[in-house]
Amino acid sequence: QVTLKESGPGILQPSQTLSLTCTFSGFSLSTYGMGVGWIRQPSGKGLEWLANIWWDDDKYYNPSLKNRLTISKDTSNNQAFLKITNVDTADTATYYCARTHYYSGGFDYWGQGVMVTVSS
Amino acid sequence: DIQMTQSPASLSASLEEIVTITCQASQDIGNWLAWYQQKPGKSPQLLIHSATSLADGIPSRFSGSRSGTQYSLKISRLQVEDTGIYYCLQRYSNPPTFGGGTKLELK
């Protein structure tokens with residue numbers, strides 16, 4: 001059974017760094033073709049892909065935020081991480097992590113999401 | 001970036017009606033297209049992957065099709081539980097991009 005769960009700070013102030021953790025089970029990020037992505041959704045709005053990390057440690061970022069994003073993984077502990085630097089109110093959103101496979105067409109399993117509010 | 005233009009933005013349909021939602025890709029994406037359903041307060045659920053393949057556990061009334069760079073999601077007989085927001089996603093090239101969403105309600 002594949003599960004993913006996001007965790008984060010809840011609230012942070014502008015200019016701080018947002019650190020998110022995705023803890024998953026039922027698959028391994030050391031398995032060929034496996035990946036984890038981060039997607040966010042401001043309240044009442046659509047979905048925005050942020051970054052993917054792959055089994056071979058390859059990483060891809062959304063160019064619109066690339067300089068602010070860092071994705072990483074801890075394969076031994078079944079976790080993936082995302083850092084967003086210099087946050088502002090536009091980063092307020094629900095953040096999801098989701099499993100993907102290099103040869104499939106999308107994200108097949110999603111976490112429940114974690115709400116992050118940026119406010120002074 | 002590849003743009004995914006989804007239509008309609010909202011849709012009201014009756015029980016047992018056939019519903020079709022479309023996504024137009026700004027360039028060729030092959031079959032790298034997925035469809036998702038999202039209910040209020042929940043994470044998106046994969047319905048269709050690879051443009052036409054039904055995801056595990058999804059009812060057969062959902063189907064996906066492709067004509068060139070236009071992709072369609074069809075619900076053959078709308079049920080109460082099918083209300084929600086539907087999104088398409090292209091994963092042909094980075095960055096993956098979502099359609100703007102279609103809000104489906106019961107009439």
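Across the stretch B:30-38, in residue order, what do the Karplus-derived ³J(HN,Hα) couplings come to in whole Hz, using 6.51 cos²θ - 1.76 cosθ + 1.60 with θ = phi - 60° and x for Gly and Pro?
x, 9, 7, 9, 10, 10, 10, 10, 10
A:TYR103 versus B:LYS39, label points 7 Å from Cα toward the beta carbon: distance in nm?
With each label placed 7 Å out from Cα toward Cβ, I get 3.4 nm.
Hey, got a sec? Which chymotrypsin sites (Phe, Trp or Tyr not before Pro) in the stretch A:39-120 land in a DSSP loop and have at most 12 other Cβ atoms within 10 Å?
Passing sites in the stretch A:39-120 are A:TYR103.
Using Cα positions and a limit of under 24 Å, work out the lysines in reach of A:LYS59, with same-chain residues fewer than 8 apart set aside.
A:LYS5, A:LYS73, A:LYS83
When the label point is put 7 Å from the Cα of A:ASP88 along its Cα-to-beta-carbon vector, which residues of the stretch A:1-36 have a backbone N closer than 18 Å?
A:12-18, by backbone N distance to the label point.
Take every DSSP beta bridge whose two residues both sit in chain A, then give the antiparallel share in percent to the nearest 5.
In chain A, approximately 95 percent of DSSP beta bridges are antiparallel ones.
Can you compute 3J(HN,Hα) from phi for each residue in the stretch B:85-94, using the Karplus curve 6.51 cos²θ - 1.76 cosθ + 1.60 with θ = phi - 60°, rounded to whole Hz and x for Gly and Pro?
For the stretch B:85-94, the Karplus-derived couplings read 10, 10, 10, 9, 9, 9, 10, 5, 9, 7 Hz, x marking Gly and Pro.
In percent, how large is the relative contact order of chain A, given Cα pairs closer than 8 Å and 6 or more residues apart?
36
Other chains near B:81-93: what is the mean number of their Cβ atoms within 10 Å of each residue's Cβ?
Average neighbour count from other chains, rounded to a whole number: 2.
So for the pair B:GLN79, A:LYS45, with labels modelled 7 Å out along Cα→Cβ, what separation do we get in nm?
Result: 3.4 nm between the two label points.
The numbers here are math on the coordinates, done by the rules we state, and not lab data. Quantities reported herein were computed from a predicted structural model and do not represent experimental measurements. When we count neighbours, we look across all protein chains shown, and the Cβ atoms used for this are built from the backbone with ideal geometry, even at glycine.
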